[in-house]
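Below you'll find the structure, written out as structure tokens, and then a few comments.
The values are calculated or read from the model by the stated rules, or taken from the named source; none is laboratory data. Being a predicted model, the structure only gives us computed values, none of them experimental. Cβ sites come from the backbone with ideal geometry, for glycine too, and all protein chains shown count toward neighbours. Each accessible area value is taken on the protein alone, full model and side chains, heavy atoms only, with ligands, DNA and RNA left out. Shrake-Rupley method; radii C 1.70, N 1.55, O 1.52, S 1.80 Å.
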Amino acid sequence: MLLDVLIQSVNEFQADCMKLCEKHYPAIHNQGMSEHHLGLAFARRLSRTLNEFGHAFEYKPLEISQPTEYPHHYRVSSDIGTVWILTSHLVSAGPSCRNKQLKTIAQWQEEYGFSVQPNDLLLLVTDHWITRSKQSRELLHWWTGQLPDEIDEYKTQGISLYESESQLARSLEQYFSVSPYYVKFTHPLKRSTDQRLVRKYIQLYSVIQLS
């Protein structure tokens with residue numbers, strides 16, 4: 001049940017982000033969403049979905065490594081289980097940024113592993129502006145394990161996508177013995193001129209079952 005609610009929330013979140021992007025234009029169009037806003041917005045979306053299904057819920061920030069004024073990791077607790085949300089902004093998409101994702105999971109596991117219950121889920125949320133670097137253009141394949149069907153749509157916006165030798169799923173299996181159950185990417189920005197998706201800005205989601 002919690003898995004269904006989380007996947008529905010991920011699917012509905014793109015519409016939330018599009019509204020946010022319209023409201024905060026051009027700031028988000030220039031910089032993307034901050035980690036704090038991305039994590040908090042998703043925690044609120046998941047809470048709304050739980051409420052729509054009649055479940056009691058509570059969301060609060062996690063303190064991983066050190067307290068911060070603008071937290072970006074959250075836990076959303078409910079009567080059907082807890083979703084642990086780890087949010088990041090990948091600046092370069094290079095090895096250091098990718099490794100930082102794995103370090104965050106390790107820190108979360110160390111600090112909150114004792115609290116995890118069998119029904120709990122882990123959600124990785126990240127965003128990225130695709131640049132000219134090869135590593136940036138490999139990110140989509142690294143995260144999802146495949147290239148998108150609409151490859152020509154990216155080319156028309158000047159983006160060539162490449163396959164990555166390493167993949168997030170393999171790293172998760174290697175270091176944590178878990179694998180993504182549901183993976184998704186979205187482009188929540190639209191060009192004001194013709195309403196086409198801005199494919200250079202990408203949000204990525206990975207749902208992991210912890211039992």
Checklist entry - For segment 155-172, what does the Karplus curve 6.51 cos²θ - 1.76 cosθ + 1.60, with θ = phi - 60°, yield as ³J(HN,Hα) per residue in whole Hz, taken in order and with x for Gly and Pro? => result 4, 5, 9, x, 10, 9, 9, 10, 7, 9, 5, 9, 9, 4, 4, 5, 5, 5
Checklist outcome for this item: On the accessible surface of segment 51-108, probed at 1.4 Å with all protein chains in place, carbon and sulfur together account for a percent value of 51
Item to check | Solvent-accessible area per residue, Å², over segment 163-211 with all protein chains present [probe radius 1.4 Å] | outcome: 54
Checklist entry - Of LYS134/LYS184; LYS60/LYS134; LYS19/LYS184; LYS60/LYS190; LYS134/LYS190; LYS100/LYS134, which ones are farther than 27 Å apart at the Cα? => result LYS60/LYS134; LYS60/LYS190
Checklist outcome for this item: Summing -39500 (n - 2.57) over every DSSP H run of at least 4 residues in the chain and dividing by its residue count gives a helix-only mean residue ellipticity at 222 nm, to the nearest 500 deg cm²/dmol, of -13500 deg cm²/dmol
Checklist entry - When the chain is treated as a GNM, springs tying every alpha-carbon pair under 10 Å, which of SER136, SER164, SER192 comes out with the largest mean-square fluctuation? => result SER192
Item to check | FRET efficiency, LYS100 to TYR181 (Cβ-Cβ, R0 25 Å, nearest 0.05) | outcome: 0.65
Checklist outcome for this item: Cα-based Rg/(2.2 N^0.38 Å) for the chain, rounded to two decimals, is 0.99
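Can you give the extra length, in nm with one decimal, that the chain gains between LYS134 and ALA56 once fully stretched, where that is 0.36 nm per residue apart less the Cα-Cα distance?
Between LYS134 and ALA56, full extension yields an extra 23.6 nm.
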Next on the checklist: Modelling each spin label as a point 7 Å along the Cα-to-Cβ direction, I'd like the GLU111/GLU150 distance in nm, to one decimal.
Outcome noted: 3.6
Item to check | For segment 47-156, the fraction of alpha-carbon pairs in successive 5 Å shells from zero, as % | outcome: 2, 10, 17, 19, 15, 14, 12, 8, 3, 0
Checklist entry - Under a plain spin-label model, where a point goes 7 Å from the Cα along Cα-to-Cβ, how far apart in nm are SER166 and GLU12? => result 3.6
Item to check | Choice from GLU165, GLU138, GLU58 showing the highest fluctuation, given a GNM over the chain with Cα pairs closer than 10 Å | outcome: GLU165
